[in-house]
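Student: Okay, here's the structure, questions in a sec.
Throughout, read-outs are computed from the coordinates displayed, never taken from laboratory work. Please read all numbers here as calculations on a predicted model, not as lab measurements. Cβ atoms come from the backbone with ideal geometry, glycine included; neighbour counts cover every protein chain shown.
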Amino acid sequence: MSCHDEGSLLADPTATTVAIVGSPNAGKTTLFNALCGLRAKTANYPGVTVSRREGTLHLPDRVLTLVDLPGTYSLSPVSPDEEIVVDALEGRVEGVRPPDALMVVADATTLERSLLLVSEVLALGRPTALVLTMVDEVAARNGRIDMGRLSRALGVPVVGVIGHRGVGLDEVRELLADPAGWDRPVLSPPTSGAERSGWVASVLATSITAPEMDERTRRIDAVLLHPVAGTVIFLATMFALFQAVFTVAAPAMDALDSLFSNLAHAVDSLIGGTLGSFLGDGIVAGVGAVLVFLPQIVLLFLMLALLEKVGYLARAALLADRVMGRFGLEGRSFVVMLSAFACAIPAIMATRTIPSERRRLATMMSAPLMTCSARLPVYTLMIAAFVPDRSVMGPIGTQGLTMFGLYLLGALSGLAWAALLNVTALRSPTAPVMMELPPYRMPSAKSVALYVWDGAWAFTRKAGTVILGVTALLWVLLNVPSVTPPPGLTDAQAASYRMEHSIAGRAGAAIEPVFAPLGFNWQVNVAMIGSLAAREVFVSTLAVTTASESEEALPERLQRLTDGEGRKVFTPPTVAAILVFFVYALQCLSTVVVLGRESNSRKWPAMAFGSMFAFAYVAALVAHTVVAAVTS
Amino acid sequence: MRLSEARVGDSVVIRGVEQTEHGLERRLEHVGFLPGTVVRVERRAPLGDPTIYELRGFRITLRRDSAQLIDVVDVIDAADAADTTGRDAGTEAGAGT
């Protein structure tokens, strides 16, 4: 038996389709992955933000399509995201065949709740089988489930699995070999009210001894949720996460940076000419600029995966919930925003853990305002060049304070933006905030690895394709048309001349009237255009366009830079404007793309890009005016 | 009384969940806050909100504004119910309905 993706969503229209239904955290995805491996396709549903995964299961005498539907607690939908599951089951989604059989996946440790969904699925009257996950935990907590009796009580086949250890998978495959042969219940179970509660109770009474509540979890929570100890541990963990992503990943990132830099030069010199320059300085350097982030992304995903699967993230979200609530967000938003300090892209992807669409959107839209690591080179350069290195109070200096201030501005703006959205664009009624606190569990290496792989691959693929395209385009615009610089210039000056007369350079000059109030000239403008691909490009573009004869470092060159009439380009008001602009502008096109994908819309990314750009302009203008007034 | 008024350590039985016009409170029922269910108030977050509740074999947090919608009564023998929650709560809920 093997699984593979046929390359189209519905591999074989005549194949039997089995849909996997279950509540979130029941272990559906683990089971699906165990049956279908990494090679399943993710497919979107129109109009909603949840997606499904489809894979193919090859059995001796047939081919099955397995569909992992979005998790839901009930088939009486309360939101479009839940409705889509019901629609998919009934065959009302365009282009999606209704499933021929249903497999309900339920957490064996919470059967009293899981049976609620089971009753609704059974009432659909299709061939149904029940797979119970985490059966080992039931036994560990002194519970007992008699599969045979449960199967008779429900009227359908029941199989127990231990998902992460692969126990019971063969039985599942055996079941899947013949869905038509599954037992069917004689009577449809009640789906609501006291009758259903009675039905649940009687099913449990005949076949289950319920497991005890997990004492170990209670004891750990007594510490981790303690008002004082819990809060301290929480803050320490968040700080450690933050620090780790920043510092631990740095050596690997530096190494990748050198690798790509050397590779770019090698390609350029080996191939030579325009093509070499395009491939080396354009493509390799461009793709490298994105892939440099990979260690950070991997580390971030790894730490989040561990915290999530152990069960701690639910506690962290609990502790942050009240503060987040003030801004119309929830505890889970805090965790998302924290990871946005490294990079907004995986953070936006992480909003999938937020069930409420309104809060998910608010969190997604605020994530880009967190000071991501791409802004760091820009801030570092500007501060090093233009903020005087003076001590304010002992070791605390003006430069450090400025950096901290920029971070704080980003974070507070993000929260304010979320609050604003909640009062204006996101006014739909909001579901109750509920977070399940799972028992603490030892995470399985396999599920953690899968989680990290998913995130890293998605990042690489999406960002890489967009960045690749944009960088290639930018390179062309900065090097076309090819003009001959006048004699007597150094190589660096000649490069700058060529750039000034390229399409991009002329574009930079053309938009000068727009950005003149902010104090930007063509060189700053070209760098700004470049930063649309990746914010760090701002720094590298400035390096190239401010080429000079001396061997001065970039900060010094920027300090000396004058325009055609001998006035300094980087005055304090201009620097302030640049910094504030970077705090607010959504330059990172990859982020815009991911926003569109995760919100399954065009309106949200467009709104984010447009409004943040407009606000950045106004805020930069204010900064320019204020600083000009203060320093004159 | 409402679930939000129950004290930490208490066990209560749900009588009903109030619905507002948008009906999103049905989420509470989907998750298991149904009439006849025994709920134990386990702990409050350090800042007072949300609160952790234990029911039907699992633990879940609810904010005060949601807990306020749930109408409950004390389990007569609250101490006993707390000792046996998770083991016998299922049977008790069954017996109650």
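Student: Can you give me the relative contact order of region A:283-394 as a percent, contacts being Cα pairs under 8 Å and 6 or more apart?
Tutor: Relative contact order comes out at 18 percent.
Student: From Cα pairs below 8 angstrom and at least 6 apart in sequence, can you work out the relative contact order of region A:360-490, rounded to a whole percent?
Tutor: Details: 43 pairs, mean separation 31.5, N = 131.
Reported relative contact order: 24 percent.
Student: Taking the Kirkwood radius as the inverse of the mean 1/r across Cα pairs, report the Rg/Rh of region B:1-61.
Tutor: Values: Rg = 11.5 Å, Rh = 12.1 Å.
Using only Cα positions, Rg/Rh for region B:1-61 is 0.95.
Student: Would you mind telling me the antiparallel percentage of the DSSP bridges in the protein assembly as shown, rounded to 5? Don't skip to the end; give the middle numbers.
Tutor: Details: 41 of 60 bridges.
Roughly 70 percent of the DSSP beta bridges within the protein assembly as shown come out antiparallel.
Student: Where in chain A are the helices, taken as whole DSSP H runs, whose Cα atoms extend 20 angstrom or more along the long axis and whose Kyte-Doolittle mean reaches at least 0.0?
Tutor: Helices meeting the span and hydropathy rule in chain A are A:193-207, A:229-243, A:250-271, A:294-310, A:398-423, A:445-479, A:603-631.
Student: With Rg and the Kirkwood Rh both taken from Cα atoms, where does Rg over Rh land for the protein assembly as shown?
Tutor: Working: Rg = 29.2 Å, Rh = 28.3 Å.
Rounded to two decimals, Rg over Rh is 1.03.
Student: Hey, what D do you get for region A:346-461 in µm²/s if you plug the Kirkwood alpha-carbon radius into Stokes-Einstein at 10 °C and 1.306 mPa s?
Tutor: Numbers: Rh = 17.7 Å.
Rounded, D is 90 µm²/s.
Student: Please work out, to two decimal places, the log10 of the ratio I(q)/I(0) at q = 0.17, 0.20 Å⁻¹ from a Debye calculation in which every Cα of region A:257-381 carries one identical scatterer.
Tutor: -0.86, -1.05
Student: Right, here's the next one. Mind giving me the nanometre distance, one decimal, between the label points for A:Ser428 and A:Ala384, set 7 Å out from Cα along Cα→Cβ?
Tutor: Simple spin-label model gives 4.7 nm for this pair.
Student: Restricting everything to alpha-carbon atoms, can you work out Rg to Rh for region A:7-152 with a Kirkwood hydrodynamic radius? Walk me through the numbers on the way to the answer.
Tutor: Working: Rg = 15.3 Å, Rh = 15.8 Å.
Radius of gyration relative to Kirkwood radius: 0.96.
Student: To continue, here is another question. Report, in whole Å, the centroid distance computed from the Cα atoms of region A:21-97 and region A:368-429.
Tutor: Measuring centre to centre over Cα atoms gives 41 Å.
Student: Multiply the residue separation of A:Leu412 and A:His226 by 0.36 nm, subtract the distance between their alpha-carbon atoms, and state the gained length in nm to one decimal.
Tutor: Values: separation 186, 0.36 × 186 = 66.96 nm, distance 2.72 nm.
Length gained between A:Leu412 and A:His226: 64.2 nm.
Student: Next up: What lysines sit close enough to A:Lys28 to cross-link, taking a C-alpha to C-alpha distance under 28 Å and skipping anything fewer than 8 places away on the same chain?
Tutor: Excluding near neighbours in sequence, the set is A:Lys41, A:Lys309, A:Lys446, A:Lys462.
Student: How big is D for region A:588-632, in µm² s⁻¹ as a whole number, if Stokes-Einstein is applied with the Kirkwood radius of its Cα pairs at 10 °C and 1.306 mPa s?
Tutor: Details: Rh = 12.0 Å.
Diffusion coefficient, whole number: 132 µm²/s.
Student: Let me check against my output: what whole-number percent is the relative contact order of chain A, with C-alpha pairs under 8 Å and at least 6 apart? Please list the in-between numbers first.
Tutor: Numbers: 987 pairs, mean separation 61.3, N = 632.
Averaging sequence separation for qualifying contacts and normalising by length gives 10 percent for chain A.
Student: To continue, here is another question. How big is the antiparallel share of DSSP beta bridges in region A:57-206, given as a percent to the nearest 5? The partial results should precede the final answer.
Tutor: On the way: 4 of 13 bridges.
Close to 30 percent.
Student: Okay, moving on. Sort A:87-93, A:62-68 by the packing proxy (mean of other Cβ within 10 Å over each peptide's residues), most packed first.
Tutor: A:62-68, A:87-93
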